[in-house]
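K.L.:
Quick one: the structure is below, and I'll ask about it shortly.
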Amino acid sequence: MKSESGNANNIAAQVERIVAATPVSDIHTHLYDPAFGELLLWGIDDLLVYHYLVAEGFRYFDIPYEKFWILSKTQQADLIWDALFIQNSPISEACRGVLTTLNLLGLDVRKRDLPALRKWFADWQVEDYITRCMELAGVKSICMTNSPFDDVERPVWEKGFHRDGRFTAALRIDPLLVSWAETAPRLEKWGYNVNETLSEQTIKEVRRFLSDWTRKIQGRYMMVSFPPDFDFPADNSCAQLLEKAVLPECRELGIPMALMLGVKRQVNPGLRLAGDGIGLSKLSALEHLCARFPENKFLVTVLARENQHELCVMARKFRNLHIFGCWWFTNIPYIVDEMTRMRLELLGLSMTPQHSDARVLDQLIYKWQHSRKLISQVLQDKYSDLAKTGWEVSPEEIQRDVQNLFGGAFESFEKRKT
């Protein structure tokens, strides 16, 4: 008869092996199919000027914001490298992520030689590098974030291109909901008969726009990022468009509506993309949406740590709500561990614990390396708890569970009728 410690060691080894080997479907990123050219960010300089590191760097920089932004990308990266990696130890999660990525790519970070790193990256072709990053990250598919309101991205879709099958799409519609007065004239210019007043004709044309673009990009879901004060129901264009156009079209197309809740835009405009903050979301709005529209599927992540428990409890009450990922400021090991444990304890395996949110291709490597380690440890603890009750999981059952957590649960949610 095996000892308790022997069983625990065996479970731990099995979980570690399976979690490390199971391919993941990354259901939310800011990456692009290589056909989008420079919109797909990759390489050492893009890693260093990622907005997480920009914000951190300005805690050490003694220069005005404006002076930093007129520098070339290489010059900005030089400043960040010096401040965060040379003058100070790179302890933060964003800095450690850069080093994890370089290390797994086989580069010697001990030399602290930024010019040599640049030379190494310059020898890659982007198509080959995509393959390498996905292999190292164990990622089998990447879901993009695609906005028809982006003047650089939109023409690529309109022209058409041969798609890389590893990249899927999601339709981002923030301007439609958050700034309708400014967005209506753009839709009219593109041939949709809309006006600022939300007449029956305007609603019909907004739905046509959403249908056209979802089909054009083969969108898996629609999505929007809302500020903490988003409310529903409400007497404003956002709530009306959501209720009368967006949600009916999602039902018609059979796709989820993704809500990313809690970002406060530009609390420090001087930092540009790095200047966004965080706030406590009003989750009663989500509760009303889930209750009033049971035939809609809602894919949800929230930014404030203080909202996570309420969101988990809400997901227990509404099967049309699927929680995903540790978004942005919550994607640090301390909070990822806490959130993953809480979600498993309240929801079991009916959620997606992580997405990379990668904005730079190389980030897939570290974000999934770090996440796998944390998810593996949490699962080891949970399976060990089960073993103490006499319930022992088989390797096949562990494999099934990990596949669900790494994309399978979301795929089932996509297909399921509510």
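K.L.:
Using amide H atoms built in the peptide plane, which far-off residues or other-chain residues are under 5 Å from Ser92 H to H?
P.N.:
none
K.L.:
If you don't mind, another one. Would you grab the residues whose amide H sits under 5 Å from the one on Arg220? Only those 5+ places off in sequence or on another chain, please, with H modelled 1.01 Å from N.
P.N.:
Under 5 Å from the amide H of Arg220: Ala169, Ala170, Leu171.
K.L.:
Under a Cβ-Cβ cut-off of 10 Å, what is the net charge of the residues other than Leu187 that fall near it, where Lys and Arg count +1 and Asp and Glu count -1?
P.N.:
Charge balance near Leu187 sits at +1.
K.L.:
What are the chymotrypsin sites (Phe, Trp or Tyr not before Pro) within segment 136-207 that DSSP puts in a loop, where the Cβ has at most 14 other Cβ atoms within 10 Å?
P.N.:
Counting only loop positions with at most 14 other Cβ atoms within 10 Å, the chymotrypsin sites (Phe, Trp or Tyr not before Pro) in segment 136-207 are Phe161, Trp190.
K.L.:
Per 0.36 nm of contour for each residue apart, how much would the distance between Leu99 and His51 grow if the chain were fully extended, relative to their Cα-Cα spacing?
P.N.:
15.6 nm
K.L.:
Still on this structure, I have one more. Please build a GNM for the chain, connecting alpha carbons under 10 Å apart, and tell me which residue among Leu107, Leu321, Leu47 fluctuates the most.
P.N.:
Largest GNM mean-square fluctuation: Leu107.
K.L.:
At what distance in nm do the modelled label points of Asp235 and Tyr60 sit from each other, each positioned 7 Å from its Cα along Cα→Cβ?
P.N.:
Modelled inter-label distance: 5.3 nm.
K.L.:
Specify the residue with the greatest mean-square fluctuation among Leu405, Leu261, Leu346, computed from a Gaussian network of the chain linking alpha-carbon atoms under 10 Å apart.
P.N.:
Leu346
K.L.:
As a quick test, which of the pairs Lys317/Lys415; Lys317/Lys417; Lys140/Lys264; Lys297/Lys415; Lys140/Lys367 have an alpha carbon distance above 22 angstrom in this structure?
P.N.:
Among Lys317/Lys415; Lys317/Lys417; Lys140/Lys264; Lys297/Lys415; Lys140/Lys367, the Cα-Cα distance tops 22 Å for Lys140/Lys264.
K.L.:
Right, something else. Pop out the ³J(HN,Hα) list for segment 265-273 in order, Karplus 6.51 cos²θ - 1.76 cosθ + 1.60 with θ = phi - 60°, rounded to Hz; leave Gly and Pro as x.
P.N.:
So the J values, rounded to whole Hz, are 6, 6, 5, 9, x, x, 8, 6, 4.
K.L.:
Can you compute the helix-only [θ] at 222 nm over the chain? Use -39500 (n - 2.57) per DSSP H run of at least 4 residues, normalise by all residues, nearest 500 deg cm²/dmol.
P.N.:
Roughly -14500 deg cm²/dmol at 222 nm, from the helical runs in the chain.
K.L.:
Segment 1-91: which trypsin sites (Lys or Arg not before Pro) are DSSP loop and have at most 11 other beta-carbon atoms within 10 angstrom?
P.N.:
Lys2, Arg59
K.L.:
If I take R0 = 45 Å and measure r between the Cβ atoms of Arg341 and Asn88 in this structure, what FRET efficiency does the formula 1/(1 + (r/R0)^6) give, to the nearest 0.05?
P.N.:
Working: r = 31 Å, r/R0 = 0.69.
Between Arg341 and Asn88 the formula returns 0.90.
K.L.:
So who's got an amide H within less than 5 Å of the one on Val263, skipping anything under 5 residues away but keeping other chains? H placed 1.01 Å off N, in plane.
P.N.:
Hits under the 5 Å cutoff: Phe226.
K.L.:
Then there is this: Express in nm, to one decimal, how much length is gained between Lys189 and Asp123 on full extension, taking 0.36 nm for each residue of separation and deducting their alpha carbon distance.
P.N.:
Full extension from Lys189 to Asp123 adds 19.4 nm.
K.L.:
Put a dot 7 Å past each Cα toward the Cβ at Val109 and Lys373; how far apart are the dots in nm?
P.N.:
Once both label points are built, they end up 0.9 nm from each other.
K.L.:
If the convex hull of the alpha-carbon atoms of segment 45-179 is projected onto planes in all directions, what is the mean projected area in square nanometres?
P.N.:
Details: hull surface 43.1 nm².
Over all viewing directions, segment 45-179 projects a mean Cα-hull area of 10.8 nm².
K.L.:
For the pair Glu38 and Glu200, what calculated FRET efficiency results from E = 1/(1 + (r/R0)^6), where r is the Cβ-Cβ distance and R0 = 51 Å, to the nearest 0.05? Can you show the working numbers first?
P.N.:
On the way: r = 42 Å, r/R0 = 0.82.
Once rounded, the FRET efficiency stands at 0.75.
K.L.:
Once you place label points 7 Å from the Cα toward the Cβ at His309 and Glu135, how far apart are they in nm?
P.N.:
Reported label-point gap for His309 and Glu135 is 4.6 nm.
K.L.:
Mean separation of Cα pairs under 8 Å and 6+ residues apart, divided by the residue count of segment 313-418: what relative contact order is that in percent?
P.N.:
Taking the mean separation of contacting Cα pairs over the length of segment 313-418, I get 32 percent.
K.L.:
For the residues Glu345, Glu93, what sequence is obtained by ranking on other C-beta atoms within 10 Å, fewest first? Present the calculation step by step, with values, prior to reporting the outcome.
P.N.:
On the way: Glu345 12, Glu93 19.
With the sparsest Cβ surroundings first, the list reads Glu345, Glu93.
K.L.:
Net charge near Phe329: determine it from the other residues with C-beta under 10 Å of the C-beta of Phe329, scoring Lys and Arg +1 and Asp and Glu -1.
P.N.:
0
K.L.:
What residues from segment 113-143 fall in the zone where the backbone N is under 14 Å from a label point 7 Å along the Cα-to-C-beta line of Arg163?
P.N.:
Counting backbone N atoms under 14 Å from the label point, the list is 141-143.
K.L.:
On full extension of the chain, what length is gained from Glu414 through His288, given 0.36 nm per residue of separation minus the C-alpha to C-alpha distance?
P.N.:
43.3 nm
The numbers here are math on the coordinates, done by the rules we state, and not lab data. What you see is a predicted model, and the numbers here were worked out from it, not measured in a lab. Glycine gets a Cβ as well: all are built from the backbone with ideal geometry, and neighbour counts include every protein chain shown.
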